[in-house]
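Please treat every number below as a calculation from the coordinates, not as lab data. On a predicted model such as this, the values are computed, not experimentally measured, just so you know. Virtual Cβ from ideal backbone geometry, glycine too; neighbours counted across all protein chains shown.
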Amino acid sequence: MYRRLAVLVAVAVGAAGTARAQDPRVEIGVMAGWTQSDGVTGDAVQGGDGLFYNSIEPKDAFSYSLDLGFFVTPNFEIGGLFSQQKSKMLIGGAVERELGDWSVDNYHGYFAYNTGDADAKARFYVLAGLGATHYGSVDFTSVTGANRSIGGNTQFSTTWGAGVKLYPSKTVGLKLGVRWTPTYIKSDAEGWWCDPYWGCYVVGDAQYSNQFEFSGGLTLRF
């Protein structure tokens, strides 16, 4: 019995040593920072104050993100990313007005490449992702004192990022990065294009709302 117990202990210790020797396969990141945003323009609309407005955009504001990645090789990573900007809606034209709190949420699947060996103390990374951006509803009070609400909307978006991961220990690291998220909003008719084969059709000018995130935080790997 004691011999069998000793064998089981030896096997368990050996398996634990093998697990520790393996490269990390999963990485979780928690980031916080600042996001600079721009919006889109359109036809001028007269507001309740008698002035005309022709643009709408999120205000530059604090943001945070969470990501979960799986290493399919020591360098290539696939995963999911969620980020949220706690912003306010700005409308512009004759003057600029701040309407109310506006949450901008991003949901992306991503593919990333990490430089160096899996156990390197510093690794640079680049990432690209596809997904959607959700613009939350906005509640505000009009100039006449009435309570109003603007509904939310979800649009297709991509995300592109780069940065560095620093690992003072095997499992805990510091992550610094920048990320650009362009979100398709609409297309404005720009004119007609005529082709001898395809005929004539309207050419659109696509407008995107852009988010530029600068952030830092912790990354955990195991």
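Structure notes:
- Mean-position separation - Cα centroids, the range 72-108 and the range 146-164, in angstrom: 5
- The value given for the range 23-221 is a Kirkwood hydrodynamic radius of 19.0 Å, derived from the mean inverse Cα-Cα separation.
- Packing rank of 158-168, 99-109, where each peptide gets the mean count of other beta carbons within 10 Å, highest leading: 99-109, 158-168
- Most positive-pole-ward Cα, Val72, Met89, Ala162, against dipole of the range 23-221 from beta carbon charges: Val72
- Sorted on the mean count of surrounding Cβ atoms within 10 Å across their residues, most packed first, peptides 115-124, 73-82 read 73-82, 115-124.
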